[in-house]
Amino acid sequence: MNLLAGKIAVVTGAGSGIGKSIALHYVSEGATVVVADVNAGAAQSVVEELRSLAPASMAIQVDVTSKESCQALYHTVVERFGRVDIAGNNAGVSSMNRIVDLTEEEWDFNMSVNAKGVFLCTQAVLPYMMQQGEGCIINTASMAGMRGTPLLAHYAASKWAVIGFTKSAALEVAEHGIRVNCVCPGYVKTSMQEREVVWEAKLRGLQPEEVFAEYIRQTPLKRIQTADDVAHIYVFLASHLAEFVTGEAIDVTGGANLV
Ligand SMILES: NC(=O)c1ccc[n+]([C@@H]2O[C@H](COP(=O)([O-])OP(=O)(O)OC[C@H]3O[C@@H](n4cnc5c(N)ncnc54)[C@H](O)[C@@H]3O)[C@@H](O)[C@H]2O)c1
């Protein structure tokens with residue numbers, strides 16, 4: 001398939017995990033991808049992988065918590081490619097703690113990357129998409145943005161914010177031909193999950209392997225989720241197949257969100 005032929009896409013947090021998989025799938029569907037990440041080295045190595053399929057793809061270092069950095073990202077993209085069709089606001093962080101022990105720093109860190117980062121990247125790309133009269137914005141929320149999640153209250157709050165922002169933005173910019181949706185993954189095998197399994201095990205007095213096994217037990221489709229599972233929904237939402245879909249929070253959890 002060539003669902004994204006000729007499209008210019010920016011994916012934040014594309015230096016690893018889910019974002020990297022989105023970048024690879026976008027390129028194999030014909031898009032040129034800007035791999036945007038705070039980790040410049042990781043972003044560059046993803047671009048090396050993309051080069052054979054999409055020679056124009058490039059890496060840009062961005063810190064999504066900085067307004068200047070987000071504005072500079074889209075300024076550079078539009079200067080280089082003349083337009084931007086797809087903005088994937090995927091960069092995110094997590095930490096785990098009980099609310100009684102949670103520090104203000106942890107709260108601020110999660111809120112500023114996950115929630116404020118989506119706001120700043122959306123604000124930076126909108127003027128270009130409004131001028132074009134079309135565009136597609138996709139945010140990575142989480143299963144934790146659809147239900148309560150112990151040990152992750154601060155992270156869950158940041159992801160509920162992403163869903164609220166997505167739905168509000170969709171209504172605000174629909175008249176400009178811009179669609180805004182978000183994707184809500186479950187237990188995805190990435191470096192974020194590797195860190196979380198260790199934290200959760202420590203907080204609950206378990207072994208990391210037991211926590212990992214519990215993730216699969218809590219997933220009705222009975223396997224751990226992959227980054228590709230999420231990237232497939234990102235492809236669908238960015239494509240013409242989703243041209244009448246906006247303001248949605250799509251659950252891609254193998255049913256874990258229902259348990
Ligand atoms: N892994 C899961 O189980 C899971 C589940 C639900 C939602 N998510 C969400 O998916 C997204 C991707 O997570 P992942 O699992 O691939 O994690 P990851 O840690 O593998 O990747 C996150 C990427 O974001 C980048 N990043 C962090 N802070 C940044 C900043 N300030 N500016 C720009 N880039 C920054 C990191 O360098 C990294 O490359 C996140 O929004 C996360 O909250 C993950």
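Some notes on this structure:
- Scanning region 46-77 for residues that are in contact (Cβ under 8 Å) with a residue 60 or more places away in the chain, within 10 Å of the ligand (Cβ to nearest atom) and either part of a strand (DSSP E or B) or over 17 Å from the mean Cα position of the chain (by Cα) (or both) yields a count of 0.
- Of all residues in region 16-45, those satisfying the criterion of being hydrophobic (A, V, I, L, M, F, W, C), within 15 Å of the ligand (Cβ to nearest atom) and either free of Cβ contacts under 8 Å to residues at least 24 places away in the same chain or surrounded by fewer than 24 Cβ atoms within 10 Å (Cβ to Cβ) (or both) are Leu24, Val38, Ala40, Ala42.
- Residue within region 146-161 that is among the polar types (S, T, N, Q), more than 9 Å from the ligand (Cβ to nearest atom) and modelled with pLDDT of 95 or more present: yes
- Taken together, Val259, Val235 contain a single residue that is at pLDDT below 95, out of contact with any Cys (no Cβ under 6 Å at 6 or more places or on another chain) and of a type outside the set (Lys, Arg), which is Val259.
- Listed by first and then second residue, the pairs linking a residue in region 186-212 that is without any contact (Cβ under 8 Å) to a residue 12 or more places away in the chain to a residue that is within 14 Å of the ligand (Cβ to nearest atom), with Cβ atoms under 6 Å apart and 6 or more places separating them unless they lie on different chains, are Ala201/Val211; Pro208/Val197; Pro208/Val198.
- In region 1-39, the residue that is nearest to Ala87 (Cα to Cα) out of those that are touching a Leu at 6+ places or on another chain (Cβ under 8 Å) and assigned to a loop (DSSP other than H, G, I, E, B) is Ala31.
- Note on region 87-137: residues that are surrounded by 16 or more Cβ atoms within 10 Å (Cβ to Cβ), within 15 Å of the ligand (Cβ to nearest atom) and closer than 20 Å to Ser69 by Cβ total 24.
- Filter result for the condition that a residue is closer than 28 Å to Tyr26 by Cα and surrounded by fewer than 16 Cβ atoms within 10 Å (Cβ to Cβ), over Leu206, Leu241, Leu237: Leu241
The values are calculated or read from the model by the stated rules, or taken from the named source; none is laboratory data. It should be emphasised that the depicted structure is a prediction, and the values quoted were computed from it without experimental measurement. For neighbour counting, all protein chains shown are included, and Cβ atoms are generated from backbone atoms with ideal geometry for every residue, glycine included.
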